[in-house]
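Please read the structure below before turning to the comments.
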Amino acid sequence: MVVEIEKDLILRRKRAEEEQWVGEIDGIDMTLAFVRTKQADAARLAQRSPVALGIPTTRPQRN
């Protein structure tokens, strides 16, 4: 999904360059930077191994 968003933004940026929409280019560049940061974060998190938390238990009741 994120890859598709990035592709769409690249196409929009190309169109904005052709039409000389300078403000639009700046906004697209900011959004592309955000998307690429999220992609890098997701890739980094995918490489982490899961943490074993154990099986939860109940505490003994006090009388």
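Of all residues in the range 11-63, those being open to solvent by 80 Å² or more (accessible area, probe 1.4 Å), of a type in the set (Val, Ile, Thr) and either touching a residue at least 40 places away in the same chain (Cβ under 8 Å) or not in a loop (DSSP other than H, G, I, E, B) (or both) number 1.
Among the residues of the range 50-59, is any at pLDDT below 95 and of a type in the set (Lys, Arg)? Yes, the conditions are met somewhere in the range 50-59.
The values are calculated or read from the model by the stated rules, or taken from the named source; none is laboratory data. These numbers come from a predicted model, not from an experiment. Backbone-built Cβ (ideal geometry, glycine too); neighbour counts: all protein chains shown. When the accessible area is computed, the model is the full protein with side chains, heavy atoms only, and any ligands, DNA or RNA have been set aside. Shrake-Rupley method; radii C 1.70, N 1.55, O 1.52, S 1.80 Å.
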